[in-house]
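**Student:** For reference, the structure I am asking about is given below.
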Amino acid sequence: MLDLFDAQVTSRQLDLAGRWLRSFGEGYYTIGSAGHEGNAGVAAALRPTDPALLHYRSGAFYCVRAAQAARNAEPDTGREPDADPPGGGDGEPSNAFATPPPSTVGMTGKSGRAEDTTPVDSDPGPAEDTEPTQDDVEPAEEVEAPADDVEPADGAEPAEGAAAPGTAGGGSVGARAVDPGYADAARDVLRGMVASREEPIAGGRHKVFGRADLAVVPTTSTVASHLPRAVGMGLAVERLRRLETRQEPTRPGETPAATWAPDAIVVCSFGDASINHASATAAFNTAGWYDHTGLRIPVLFVCEDNGLGLSLRSPQGWVATALRSKPGVRYFAADGTDLVETYEVAVEAAAWVRRHRRPAVLHLTTVRLMGHAGADAESAYRSAGEIRADLDRDPLVATARRLVEAGLASGAELLDRYDEVGWRIRRLAEGVLDEPKLASPAEVVAPLAPRRPLRVARAVAEAGDRAAGPGAGARVEAFGGKPPELVGPLTLAQSINAALTDGLLDHPQMAVFGEDVAAKGGVYGVTKGLRDRFGVARVFDTLLDETSILGLGLGAGLAGMLPVPEIQYLAYLHNAEDQLRGEAATMRFFSQGALRNPMVVRVAGLAYQEGFGGHFHNENSVAVLRDVPGLVVAVPARPDDAAAMLRTCLASAAVDGSVCVFLEPIGLYHTRDLYTDGDGEWLAGYAEPGAWAGAHVPVGRARVYGVGSAEDVTIITFGNGVRMSLRAASALADEGVGTRVVDLRWLAPLPVADLIREATATGRVLVVDETRRSGGVGEGVLAALVDAGYVGAARRVAAVDSFVPLGPAARQVLVSEEAITQGARTLLAR
């Protein structure tokens, strides 16, 4: 218990150090963990290799995890796995807290409380030899266990590396070392507070709890946004455990992904106010939904309930009622200010999740001390009595009282220890003050989205070599004996389907999932046949919730898979865009590239469905995507480009960990003709594997079409605009006007070099933008031209700032061929 008390004290002293640093302008983050230090017991109940996503009051948890990892990294000394580590020695991670060697101090206490809303004896999940209730769900598999239910808490085995229960040993408290791992953890946190470039996870970009070697995944400050990722991680851990390809080595040039033990569980902590957020609701619902269908999600949610969301009180009993009622999620509860009870119930909860591979929630009642953050004067919204009542439940005092009552320490000894740790924390804080800060834009953005185009090109070429060589037989079989290059010209939809098939063949960890993608094969048939070819473990339907779909992708990518989720319509992405902006795009930024969540998000979008469906099926705004730092946004217009660009996105995700949005123009899915009915000129052949290298489309490179002399005007466009602009260019050619039509292909990053070259070639630029005039792609194109010093004439044709109406009225607000032709004529008349 003394080890965990030290973690609690370290966390509290870090909070005080944060206030001290802020007092003279050197600290930039003061949200602390005071009152939540009981989460040290949760960390002790877990394995140090269990992936953890922690909220921002997790200082004690982080200290314990750092010490656990340090112990496991020590050379074998012949000690029992759960014995306390020796103090001092060259193998220690830090000597900042070193004092003479420790004795063993045990933890004993009353049993915790658990309530089960999903009893094991009425398990809704199918057994191994039972057919699932849903046709795209695999049977569940439980980790082998000696009994059908968990042992009582006092008989549960602590996690490897955890602070295990034991008996009091000899030696005085004053002579016992504070675990040196806590010093490393404290230094990490302090470096985050002062935005030091030496901070090990974010490198001064944000103060987060995270370190790849501790299996602690950094999370953003967005309320509850990490919960959907946690569910995705749980699902991925189980799928990878069941797939024979789980141990496949990383290919040359590809960045290794995070790896966890096959029986790992995911832990995800959050505050009580977060349970009201849509992201939390989505995560709990998805975990319960999958559990109901028989799939396993080994996630332990930890709700640390201090009764407040900044100043807003959670209604009495609301959190417990809400958490107990989550279907498919077992409920455990403990007093989070009582370290022993927290530890015992956490051991029980973790053992249950690990054994049954099912989700559970641990509800810890805590207090919040020292306000929400440094600038929060909570006396403005809390009475003195309320604040005093929380102080009476201070978890540090509660742990100290247990130590004294057990005869393991005196009050004076513990106060001396508290002061000693505080003094050492102050010394560490002083030491990080002069560490360098990020000092240039290049330093800040370095880990954001690395681009290694040569490696990506090589990966595409090697995929072609494998498909043409050792994988040729499997490829022919997957395509039913007739590969797509032998079928003839394909539509855009058919080309994407073929490229997905080739991707699934080449990337054993790739999975395609979303609403209606498996059994139906997609609303537009783009994923038709994929489930039959590759099975339900790799192509599966999800519930109808975009937040959860992207959360599954985020977790799967982090776990080592190559997820390809589908968002059925672009308009539906708005329900879940924070999963891309706040979670997916920030992972490399907050981890300096140590962690990554590669993902290729397929989105059917844009307009021109001949008036069908109205604005939700004809969304023409991509502004929310284009300003997400590091996000790749691809928009293929032609079938041959679609296949090549999808291969590029898959390779970029595998090699660089890129997050790509592959935006597919619905209006072009099944288009066959370009100029006249029956000409078939919008179809294109599918490249054979040996030609993939030559047909490679690098990220950020445009495609240029010359019509007529191609000397008079340059039309810059994308998506549906490519076909309309080529038709308009044909009409202009009849008038003697030569046109260059530039298909951007990539909306982020824009192909700026290609734009400048083609604009300069004619000196007249017409930007054809099918998105809205305000916030549309055209604004970025024109800005890029101006920034590069373009001095020629320029004009823009764009959609009206309107939602797309139903039926023929859509033509009144969308770009038309006639508008393009007239825009070019106006430009030429200047």
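The values are calculated or read from the model by the stated rules, or taken from the named source; none is laboratory data. This one's a predicted model, so the numbers in the text were calculated from it and none came from an experiment. For neighbour counting, all protein chains shown are included, and Cβ atoms are generated from backbone atoms with ideal geometry for every residue, glycine included. These accessible areas exclude ligands, DNA and RNA; they are computed on the full protein's heavy atoms, side chains included. Shrake-Rupley method; radii C 1.70, N 1.55, O 1.52, S 1.80 Å.
**Student:** So which residues in the range 791-808 are farther than 13 Å from residue 609 by Cβ and of a type outside the set (Val, Ile, Thr), if there are any at all?
**Tutor:** 792, 793, 794, 795, 796, 798, 799, 801, 802, 803
**Student:** From the list 401, 388, 426, 382, which residue is at pLDDT 95 or above, of a type in the set (D, E, K, R) and more than 35 Å from the chain's Cα centre (by Cα)? Lay out the reasoning, then the answer.
**Tutor:** Details: 388 fails: at pLDDT 95 or above; 426 fails: more than 35 Å from the chain's Cα centre (by Cα); 382 fails: at pLDDT 95 or above.
Of the residues listed, the single one that is at pLDDT 95 or above, of a type in the set (D, E, K, R) and more than 35 Å from the chain's Cα centre (by Cα) is 401.
**Student:** Of everything in the range 304-319, what is farther than 20 Å from residue 370 by Cα and open to solvent by less than 20 Å² (accessible area, probe 1.4 Å)? Give them in sequence order.
**Tutor:** 319
**Student:** Here's a follow-up. In this structure, is residue 538 in contact (Cβ under 8 Å) with a residue 12 or more places away in the chain, at negative phi and either in contact with a Leu (Cβ under 9 Å, 6 or more places away or on another chain) or open to solvent by less than 10 Å² (accessible area, probe 1.4 Å) (or both)?
**Tutor:** Details: in contact (Cβ under 8 Å) with a residue 12 or more places away in the chain: yes; at negative phi: yes; either in contact with a Leu (Cβ under 9 Å, 6 or more places away or on another chain) or open to solvent by less than 10 Å² (accessible area, probe 1.4 Å) (or both): yes.
Spelling it out, residue 538 is indeed in contact (Cβ under 8 Å) with a residue 12 or more places away in the chain, at negative phi and either in contact with a Leu (Cβ under 9 Å, 6 or more places away or on another chain) or open to solvent by less than 10 Å² (accessible area, probe 1.4 Å) (or both).
**Student:** Additional query: Restrict the check to the range 406-423 and report whether at least one residue is open to solvent by less than 70 Å² (accessible area, probe 1.4 Å) and within 36 Å of the chain's Cα centre (by Cα).
**Tutor:** yes
**Student:** Kindly indicate which of 531, 451, 455 is touching a strand residue (DSSP E or B) at 6+ places or on another chain (Cβ under 7 Å), open to solvent by 10 Å² or more (accessible area, probe 1.4 Å) and of a type in the set (Lys, Arg).
**Tutor:** The match here is 531.
**Student:** Collect the residues in the range 789-811 that are within 20 Å of residue 756 (Cβ to Cβ) and not small (Gly, Ala, Ser), keeping them in residue-number order.
**Tutor:** Of everything in the range 789-811, those that are within 20 Å of residue 756 (Cβ to Cβ) and not small (Gly, Ala, Ser) turn out to be 790, 791, 795, 796.
**Student:** If I ask for residues that are of a type in the set (Lys, Arg), at pLDDT 95 or above and out of contact with any strand residue (DSSP E or B) (no Cβ under 8 Å at 6 or more places or on another chain), which ones from the range 311-356 would you list?
**Tutor:** Within the range 311-356, 354, 355 qualify.
**Student:** Suppose we keep only residues that are part of a loop (DSSP other than H, G, I, E, B) and of a type outside the set (Asp, Glu) within the range 659-678. Which one would you say is nearest to residue 621 (Cα to Cα)?
**Tutor:** First, pick out the residues of the range 659-678 that are part of a loop (DSSP other than H, G, I, E, B): 669-678.
From the residues that got through so far, the ones that are of a type outside the set (Asp, Glu) too are 669-672, 674-676, 678.
Details: 669: 19, 670: 22, 671: 22, 672: 25, 674: 25, 675: 27, 676: 29, 678: 31 Å.
Checked the range 659-678; the qualifying residue nearest to residue 621 (Cα to Cα) is 669.
**Student:** Next up: Hey, any hits in the range 801-819 for a residue that's touching a residue at least 24 places away in the same chain (Cβ under 8 Å) and assigned to a strand (DSSP E or B)?
**Tutor:** The answer is no, given that none of the residues of the range 801-819 is touching a residue at least 24 places away in the same chain (Cβ under 8 Å) and assigned to a strand (DSSP E or B).
**Student:** Now for a different question. Looking only at the range 482-506, which residues are open to solvent by 50 Å² or more (accessible area, probe 1.4 Å) and either among the aliphatic types (A, V, I, L, M) or farther than 10 Å from residue 686 by Cβ (or both)?
**Tutor:** 482, 486, 487, 505
**Student:** Hey, among 701, 745, 757, 723, which residue is surrounded by fewer than 24 Cβ atoms within 10 Å (Cβ to Cβ) and in contact (Cβ under 8 Å) with a residue 12 or more places away in the chain? Don't jump to the end; show me each part of the working.
**Tutor:** On the way: 745 fails: surrounded by fewer than 24 Cβ atoms within 10 Å (Cβ to Cβ); 757 fails: in contact (Cβ under 8 Å) with a residue 12 or more places away in the chain; 723 fails: surrounded by fewer than 24 Cβ atoms within 10 Å (Cβ to Cβ).
Going through 701, 745, 757, 723 in turn, just one is surrounded by fewer than 24 Cβ atoms within 10 Å (Cβ to Cβ) and in contact (Cβ under 8 Å) with a residue 12 or more places away in the chain: 701.
**Student:** Turning to a different aspect of this structure: If I ask for residues that are assigned to a helix (DSSP H, G or I) and hydrophobic (A, V, I, L, M, F, W, C), which ones from the range 679-710 would you list?
**Tutor:** Correct list: 691 only.
**Student:** Here's something else I'd like to know. Look through 346, 283, 375 and report the one residue that is more than 19 Å from residue 226 (Cα to Cα), crowded, with 20+ Cβ neighbours inside 10 Å and touching a residue at least 40 places away in the same chain (Cβ under 8 Å).
**Tutor:** Among 346, 283, 375, only 346 is more than 19 Å from residue 226 (Cα to Cα), crowded, with 20+ Cβ neighbours inside 10 Å and touching a residue at least 40 places away in the same chain (Cβ under 8 Å).
**Student:** Separate question: So, of the residues in the range 593-613 that are under 21 Å from the mean Cα position of the chain (by Cα), crowded, with 21+ Cβ neighbours inside 10 Å and not charged (D, E, K, R), which turns out to be farthest from residue 524 (Cα to Cα)? Reasoning before the result, please.
**Tutor:** Kept after step one, since they are under 21 Å from the mean Cα position of the chain (by Cα), are these residues of the range 593-613: 593-603.
Now restrict to residues that are crowded, with 21+ Cβ neighbours inside 10 Å: 595-603.
Keeping just the survivors that are not charged (D, E, K, R) gives 595, 597-601, 603.
Values: 595: 35, 597: 28, 598: 25, 599: 22, 600: 19, 601: 16, 603: 12 Å.
For the range 593-613, the residue satisfying everything is 595.
**Student:** Which of (1) within 25 Å of residue 627 (Cα to Cα); (2) in contact with a Phe, Trp or Tyr (Cβ under 8 Å, 6 or more places away or on another chain) is the odd one out, the single condition residue 740 does not satisfy?
**Tutor:** Answer for residue 740: the failing condition is (1).
**Student:** Checking residue 11 against (1) crowded, with 22+ Cβ neighbours inside 10 Å; (2) in contact (Cβ under 8 Å) with a residue 60 or more places away in the chain, which test does it fail?
**Tutor:** (2)
**Student:** Here is a list: 710, 783, 728. Which entry is small (Gly, Ala, Ser) and touching a helix residue (DSSP H, G or I) at 6+ places or on another chain (Cβ under 7 Å)?
**Tutor:** None of the others qualify; the one that does is 728.
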